[in-house]
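Report on the following structure.
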Amino acid sequence: MASATEPEVDGSEIDPIWTTSRTARQIYALGEVDKDITRLLALAASSISLLTLPQTDAPGDNLPQGEERSEQFVLEVSEYFERLDSIQVAIRSSLAHIRHSRIAPSAINAPPPGFVPPSLGVGLPSDGNTTQKNRGLQEERVERDAWKGILAALTRIKEAQDQEAQRKAEEETSMQL
């Protein structure tokens, strides 16, 4: 069981953009909290299912019977409370980070319904003639890393397509022989 501050995936699978700053790591941790909340709801649902009478189980439920049912309930409830604890720790650490960063809580307002945030960190390469520069160093780094990521992804797609085309050509050649 991983806490929300220690994601379940190892560092090599995390997009590097989430490791660029403490704030980015906190945002990533809150994303993990969101996943933990989803798992928490699933655990609550399965725990409630285990509390029902076995006669009411549908054939596809695959719920244990007898003593195994009680043991499974104990396991589910234990994991539920572990997840709940990790969620509250992650939320408290995020709040501590906000306080440490001196971000006024009033500045953190929920967006209005239907709000689509602008893509401030990523955009088309800017024209060299532009005299006004609205972005700082961090935004420029994010954009650079995003373009590098796009290039790497497109390169991988192209290589996969080339390999697939080569494999098909070899299959056609071997079938003709």
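Every number in this text was worked out from the coordinates using simple rules, so none of it is lab data. On a predicted model such as this, the values are computed, not experimentally measured, just so you know. All Cβ positions, glycine included, derive from the backbone under ideal geometry; neighbour counts span all protein chains shown.
Roughly what would the spin-label model give for Gln72 and Ile14, points 7 Å off Cα along C-beta, in nm?
Here the modelled spin labels are 3.5 nm apart.
Could you check the simple spin-label distance between Phe115 and Asp145, using points 7 Å along Cα→Cβ, in nm with one decimal?
2.4 nm
Using label points projected 7 Å from each Cα along Cα→Cβ, tell me how many nm separate Thr155 and Leu41, to one decimal.
So the label points at Thr155 and Leu41 sit 4.0 nm apart.
Need one number: the % of Cα-Cα pairs in region 135-177 sitting beyond the 14 Å mark. Please list the in-between numbers first.
Working: 594 of 903 pairs.
The share of Cα pairs beyond 14 Å in region 135-177 comes to 66 percent.
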